[in-house]
Each structure stands twice: as C-alpha cells, then as structure tokens.
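Dropping a structure here in structure tokens format, bear with me for questions.
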Amino acid sequence: MIKTVFSASLPIDEKLIIQKNQIQGAFPGKRLCIVTGTHGDELEGQYVCFLLSEFLNKNTDKICGTIDIYPAVNPLGIDSITRGMPGFDLDMNRIFPGAKDTSLSDYAAYSIVEDIKTADYAVDIHASNIFLREIPQARINVDSASALTGLAEMLNIDLIWIHPAATVLESTLAHTLNSLGVKTIVIETGVGMRITPVYGQRLFNGIINLMHKTGMWLGKAPENISKPIIAATDAVSFVNAVDSGIFLPEKEYGVMLKKGDKIGQIVKPLSGEILSEVFSPDDGLLMTIRAYPVVYEGSLLARVIHNS
Amino acid sequence: MRKEIIFSMKSPYREEFHIYGYVFGSGEKTVAVVGAMRGDEIQQQFVSSQLVRILTDMERCGQITQGVEILVIPSANHFSMNIGKRFWPMDNTDINRMFPGYDLGETTQRIASALFDKLKKYRYGIQLASYHFTGSFIPHVRIIKTAVDITKEAKFFGMPYIYVKSPEPFDTVMLNYNWQIWETKAYSVYAGTTAVIDKPAAKFTWNSIIRFLFQAGLLNCKTEPGFVSQVLEDKCFRTLTADNAGFFYRQKSSGSTVRKGELLAKILNPYDGSVEGEIFSPEDATIFFAHDKDLISEKTAAFQLI
C-alpha cells in the first residue's frame with residue numbers, strides 16, 4: 001500500500017511528497033525499512049527497491065511482519081539529478097534528526113525519522129557519489145559495531161568497513177535511527193548516477209537473507225550469500241591526487257593489487273604531460289576507484305584494503 | 001600590512017587558487033577575522049575587504065597597539081564566488097563543514113586544514129557567517145554554547161543581540177566550534193544578508209568589529225558607541241512557518257518591532273493573485289529573521305521573533 005510520509009506545497013501548483021510502499025505480511029512480526037534516495041544522484045537503490053516491491057508484493061503469504069520501502073527520501077533531487085535538496089543547496093544526510101518548525105527540509109527529515117523510528121531494522125542504501133566506484137559494502141560506526149556487524153554480514157556484500165565515530169556522522173539518518181534503537185545499516189555500492197544491476201540483485205538477495213535470518217521470511221533462503229571482509233579504518237589506505245588534472249585509471253575496482261602496482265596516472269591534456277603516476281600503497285583489495293576523471297589536488301583516487 | 005599566501009593549489013584549467021591573509025601589527029596573535037568561505041557570501045567578503053581598508057589606514061597612522069597581530073582572510077573560496085556557486089565547484093562540499101580539516105584528505109579538507117592551522121593560534125576568532133535559510137537577520141553575534149562562557153567579551157562588539165546557541169550535530173565540523181575546542185574565543189558575526197550587499201548592515205558590522213578590536217585593546221582610536229547587547233538563548237525565539245505556498249508578499253522586515261495581531265506577510269495564489277494566507281504576529285515582538293525570497297513553500301520558516 002502506497003502511503004504518504006510527508007507532504008508540503010511548493011510555491012506553484014506542486015507538492016513535495018515523500019512516499020513509501022508498505023508491504024504487510026500475512027503473519028505478525030518485525031518491521032524492516034528500506035530507505036534510499038537521500039542523495040538525488042545515487043540511484044543504485046532504485047533497482048533494489050523495484051526488485052523488493054515486485055517480489056514481496058507477490059509473496060505476502062511468506063512474510064512475517066512489515067516491510068516499508070522508501071525509494072525517494074529526496075524526490076526533488078532524484079527528479080532533477082541533484083545530489084542535495086534542490087532549492088536549499090543542502091545535503092539532506094546532514095540535517096537529521098530534523099525539526100518541526102524551522103524549514104521545509106528540516107520538517108521533511110523530522111517526518112521521515114518519526115515514520116521509521118518504531119522499526120526494528122533499517123537498511124539505508126547509498127550508491128557512491130559520481131566521483132567514485134565502490135564494491136558493495138556496509139559502513140558501520142565503531143560504537144555500533146557489536147550490534148550491527150552480525151546483521152550486516154547477512155546482506156550479501158563484499159566488505160564491512162568499521163570506521164571511527166566522526167562527529168559529522170551524527171547528523172545522518174543512520175546515526176539518528178541507531179540512536180533511537182532502530183538497527184540501521186548503511187550500504188554503499190556502485191557509482192553515482194548509474195545502476196549496476198549485478199550489485200542490485202546481490203543486495204536484493206541479501207535483504208531477503210536478512211529477512212530469513214530474522215524470522216521475517218518463511219520462503220526459501222537465498223543461496224551463495226557472500227561472506228564479507230571486515231575491515232577497521234587502519235586497514236584501509238587512501239590514495240589522493242597529488243596533482244590537478246585528468247585521472248586515467250588502469251585498474252578495475254574489486255581486483256587484488258601488489259604494493260607498487262600502477263593504478264593510473266594524472267595527465268595534462270593541454271601539453272601532453274604525465275603529471276603523476278599513481279601506485280598502490282599496499283598489497284590488498286582495490287575497494288574504491290575514481291570514476292570522474294577531473295581531479296584537484298587532494299581528490300580521492302582509490303582506497304586499498306591491505307591484506308593484513 | 002603584510003599580505004601572505006595561506007593556501008595554494010593548482011587547478012586543471014583555471015588559474016592557481018590562492019587564499020590570502022592580510023596581517024596587521026606584529027606580536028601576539030590576537031584576533032583573526034574570516035570572511036567568505038562560501039561562494040555566495042558576498043556581504044561577508046565586502047565587510048572583510050572594508051576591514052582590510054580601514055586597518056591598513058589605521059596601521060599607517062600608528063593606531064594599532066604595539067605587540068598585537070590582527071589577521072583578516074577576506075575570502076577562502078573565490079573559485080565558487082567567481083562562477084556563482086555556494087559550495088566548492090568540483091564536488092559541492094562545504095569548506096565550513098570540514099573543520100578541523102585534514103592535510104592529506106580531499107580538497108576541501110585540505111583547505112580547511114590550511115586555514116585552521118593558521119587560525120587556531122589566535123586568542124579571538126571572528127567569522128563572518130551565513131545561514132542555510134534564505135533570509136535576512138538582524139545583525140548579531142552568535143556563540144556556540146560550550147563549557148567556557150565567552151559572552152562578556154561578545155559585548156565588546158556593541159551589537160544589539162548576542163545569541164548563545166546550543167550546538168547541533170553539524171556544528172562540530174564548523175570553524176566556530178573547532179576554534180573554541182582549541183581555546184580561541186570564537187564569535188560568528190551575522191552581517192544581515194548573504195548574497196547581496198546591504199550597505200547599512202555592512203557598515204554597522206565592520207564598525208562593530210572595529211569596536212571589538214578597540215575594546216579588546218588592539219586599537220588606539222575613537223569608535224562610535226554601540227548597543228548594550230541583549231543575550232538571547234534558544235528559548236527566546238518563536239518561529240512562524242508558512243501554512244500556505246505561493247508568492248511571499250512581505251509586509252515587515254528583520255529588525256522591525258511589531259505588535260500582537262499585526263500583519264507580517266501575505267501569501268498570494270501564484271495563478272490568480274488571491275490571498276491564500278496571512279501571517280500575523282502572535283505577540284509584541286522584534287523580527288529577528290525574515291524569509292526574503294519572493295516565493296515560499298509550505299512549512300518554511302517565514303519569520304523568527306524575539
């Protein structure tokens with residue numbers, strides 16, 4: 001059943017409407033929320049929501065509990081290829097938990113939290129942005145690691161990255177929900193502005209697997225669920241651009257590298273110069289590679305999880 | 001006055017990017033002023049540039065106290081201002097969400113790191129700030145509430161209001177909060193507008209900063225008397241949000257004193273011009289903030305009253 005979570009009139013003949021698809025199982029049980037589209041340029045979650053809605057609608061007799069699917073937390077952003085919230089130039093994932101009487105964007109954030117806060121679990125699906133390609137992974141704050149790692153392992157992903165408790169993350173939807181007791185996993189996968197079907201299908205299987213393991217799915221359990229690498233922050237090396245120019249990658253993400261392997265180069269098309277060559281700092285898995293060619297000094301080019 | 005380069009970076013096709021600091025006097029690093037960190041902070045850069053002009057003249061006349069140093073950084077983001085963007089041109093990140101920065105990180109983390117490395121050594125910090133709401137404020141000083149009470153010196157500005165604001169999660173990555181963590185007494189000064197220059201508000205603001213410098217013992221000059229500042233906390237404000245959407249036909253501006261029941265704005269139907277809604281003041285009050293766009297959406301803050 002399609003339900004409206006938030007609605008507010010825009011100046012001329014249009015409403016900002018945030019909707020969800022509530023799929024009620026035949027049997028009582030837990031409540032799982034699938035949330036995506038907070039950033040309007042991250043579309044990988046669209047495919048996952050489609051697969052889930054299509055499949056679960058036909059199989060309510062095998063569901064215990066409720067699944068709420070929120071495909072577009074930032075509908076104006078998705079419809080206008082805008083990462084932030086159009087009209088506010090604001091990263092919507094930096095304004096949670098929101099507030100009632102401040103601005104339309106804060107009110108929308110507040111309404112989303114109010115709607116989800118009684119759920120047992122949430123999966124907040126992000127693609128990478130337009131700049132990077134990422135292997136399917138969960139990002140977990142170190143403070144929540146003991147509560148969430150087991151859940152994240154069910155999701156058929158390649159990596160669980162446990163990162164330090166940065167204060168900036170306190171204004172995200174996931175942090176807000178976790179602090180309210182909703183076990184929330186953030187997924188990063190693929191690349192911005194595109195859909196990678198193979199990753200969408202994997203995540204769909206992972207979510208059905210999570211439902212199975214938590215007693216929400218009575219049907220057949222998905223097979224061949226991937227066992228993810230669990231990496232702490234000090235296991236991940238960052239490679240940033242030392243020059244501004246055009247980055248030409250020479251490796252695909254997801255490959256194993258030796259220390260010193262060439263990842264790519266930064267070039268200057270005007271003069272034909274190679275400004276710098278980029279090498280792997282460690283033996284390990286290339287979990288992230290730059291997708292957008294234009295780089296400034298400091299732009300992230302790659303991340304490598306070292307073998308240790 | 002010495003002009004220093006604080007940060008430099010090459011760009012793929014634009015000229016090299018520089019952040020400049022203007023240094024007055026020499027000795028103890030006493031006050032640092034930061035202007036535009038976002039590309040639309042034109043009022044903030046205008047005020048900073050006028051401070052550079054005034055302090056250059058004062059230094060020439062020997063009016064800067066011996067043994068103190070004042071730093072003014074008028075702009076940290078002209079790459080965005082030159083092309084009409086608010087945030088960093090490449091990835092749309094906000095420099096003022098990157099503090100204390102990271103010198104080996106992404107571009108705006110590096111910019112924040114270079115800025116903070118320079119700024120954290122000062123006793124007082126003044127940031128000419130803007131807010132993500134579209135509207136105008138009464139010029140005021142804002143302090144992020146931490147364990148240390150710095151309200152006393154905030155009164156040096158002689159601005160009518162000092163707003164002591166409880167920190168929100170996003171404040172922890174902003175300059176003001178990090179300054180305070182590093183024991184700089186940090187003040188955010190709101191100069192009324194952001195993307196357009198309001199000359200009276202700008203002049204009021206730079207005079208307030210000059211007054212602060214004088215009261216803090218950095219200048220040897222006459223300054224105009226200021227206000228006896230009223231200290232405000234979060235509970236002092238009342239927000240009026242729009243119940244309708246359409247043309248925002250504002251009757252009152254920020255700074256106006258209004259009576260209970262007085263009409264503050266009408267919201268007009270964008271097709272037939274009829275009145276869709278009216279916003280009245282629920283009490284005798286002063287308008288602290290007013291939405292100043294010609295269009296308004298429902299559930300948007302139209303006014304903030306004190």
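The values are calculated or read from the model by the stated rules, or taken from the named source; none is laboratory data. Being a predicted model, the structure only gives us computed values, none of them experimental. When we count neighbours, we look across all protein chains shown, and the Cβ atoms used for this are built from the backbone with ideal geometry, even at glycine. Quick note on the areas: whole protein, heavy atoms, side chains included, nothing else; ligands and nucleic acids left out. Shrake-Rupley method; radii C 1.70, N 1.55, O 1.52, S 1.80 Å.
In peptide B:77-90, how many Cβ atoms from other protein chains are near each Cβ within 10 Å, on average?
Details: counts 0, 0, 1, 0, 0, 0, 0, 0, 1, 2, 4, 1, 1, 8.
Counting other chains' Cβ atoms within 10 Å and averaging over B:77-90 gives 1.
Any idea what angle helix A:104-116 forms with the longest principal axis of chain A, computed on alpha-carbon atoms, 0 to 90 degrees, nearest 10?
Roughly 70 degrees between the two axes.
Moving to a separate point now. With runs of 4+ DSSP H residues as the only contributors, calculate the mean residue ellipticity of chain B at 222 nm using -39,500 (n - 2.57) per run, divided by the residue total and rounded to the nearest 500.
Details: 6 runs with 64 residues, N = 306.
Per the formula, -6500 deg cm²/dmol.
Provide the solvent-accessible area of B:R53, counting protein heavy atoms only and rolling a 1.4 Å probe, rounded to the nearest 10 Å².
Ignoring ligands and nucleic acids, B:R53 comes out at about 130 Å².
By per-residue mean of other Cβ atoms within 10 Å, what is the highest-first order of A:197-206, B:155-164?
Numbers: A:197-206: 19.3, B:155-164: 21.5.
Put in order of decreasing packing, that is B:155-164, A:197-206.
By how many nm would the segment from B:E168 to B:N220 lengthen if fully extended, with 0.36 nm per residue of separation less the alpha-carbon distance?
Numbers: separation 52, 0.36 × 52 = 18.72 nm, distance 3.83 nm.
14.9 nm is the gain from fully extending B:E168 to B:N220.
With only alpha-carbon atoms in the gyration tensor, what are the semi-axes of the equivalent ellipsoid for segment B:1-146, in Å, largest first? Walk me through the intermediate numbers first.
Details: eigenvalues 124, 67, 49 Å².
Calculated on Cα positions only, the semi-axes equal 25, 18, 16 Å.
Further, regarding this structure: Quick one: 3J(HN,Hα) in Hz for segment B:77-82, Karplus 6.51/-1.76/1.60 with θ = phi - 60°, rounded, Gly and Pro as x.
Once θ is set to phi - 60°, the couplings for segment B:77-82 become 7, 6, 4, 7, 4, 5 Hz.
Which of the residues in segment B:263-306 show a loss of at least 20 Å² in accessible area from their chain by itself to the complete set of protein chains, at a probe of 1.4 Å?
Hits at the 20 Å² cut-off: B:P270, B:Y271, B:L295, B:S297, B:E298, B:K299, B:T300.
Would you mind checking the tilt of helix B:42-60 against the longest principal axis of the Cα atoms of chain B, expressed as 0 to 90 degrees and rounded to 10?
It works out to around 40 degrees.
Over segment B:165-261, what is the relative contact order in percent, taking alpha-carbon pairs closer than 8 angstrom and at least six residues apart? Walk me through the numbers on the way to the answer.
On the way: 31 pairs, mean separation 15.9, N = 97.
Across segment B:165-261, relative contact order equals 16 percent.
So what's the gap between the Cα centers of segment B:29-102 and segment A:103-118, to the nearest angstrom?
After rounding, the separation between the Cα centres reads 35 Å.
Please report the accessible area of B:H132 (heavy atoms, 1.4 Å probe, ligands and nucleic acids excluded) in Å², nearest 10.
40 Å²
Among B:G39, B:A301, B:S188, whose Cα projects farthest towards the positive end of the dipole of chain B, with charges put on the beta-carbon of Lys, Arg (+1) and Asp, Glu (-1)?
After comparing all options, I get B:S188.
Could you report the protein assembly as shown's accessible area per residue, 1.4 Å probe, as an integer in Å²? Before the final figure, lay out the partial values.
On the way: 25230 Å² over 614 residues.
Using a 1.4 Å probe on heavy atoms only, each residue of the protein assembly as shown averages 41 Å².
In segment B:141-157, which residues have a backbone nitrogen under 15 Å from the label point lying 7 Å from B:F237's Cα in the Cα-to-Cβ direction?
Of the residues in segment B:141-157, B:141-145 have backbone N under 15 Å from the label point off B:F237.
Could you give the size of the charge dipole of the protein assembly as shown about its Cα centre, using +1 on the Cβ of each K and R and -1 on the Cβ of each D and E, expressed in debye and rounded to the nearest 20?
Numbers: 61 positive and 67 negative charges, 166 e Å.
Dipole of the protein assembly as shown, to the nearest 20 debye: 800 debye.
Continuing with the same structure: Which order do B:W88, B:W182 take by accessible area at a 1.4 Å probe, largest first? Spell out each step's value before the answer.
On the way: B:W88 0, B:W182 130 Å².
These residues rank, largest area first, as B:W182, B:W88.
On average, how much area does the Cα convex hull of segment B:115-209 cover when viewed from any direction, in nm²? Walk me through the numbers on the way to the answer.
On the way: hull surface 25.0 nm².
Averaging across all directions leaves 6.2 nm² for the Cα convex hull.
Just need log10 I(q)/I(0) for chain B at q = 0.11 Å⁻¹, Debye formula, equal scatterers on the alpha-carbon atoms, no solvent, rounded to two decimals.
-0.70
Then there's this: Scattering from the C-alpha atoms of segment A:234-306 alone, worked out with Debye: what is log10 I(q)/I(0) at q = 0.16, 0.22, 0.24, 0.26 1/Å?
After summing over all Cα pairs, the log10 values are -0.49, -0.87, -1.01, -1.15.
Equivalent ellipsoid semi-axes for segment B:237-305, as square roots of 5 times the alpha carbon gyration tensor eigenvalues: give them largest first, rounded to whole Å. Don't jump to the answer; show the numbers that get you there.
Details: eigenvalues 79, 26, 19 Å².
Semi-axes from the Cα gyration tensor: 20, 11, 10 Å.
Once both axes come from the Cα atoms, what is the angle between helix A:44-57 and the longest principal axis of chain A, in degrees from 0 to 90, rounded to 10?
Approximately 30 degrees, to the nearest 10.
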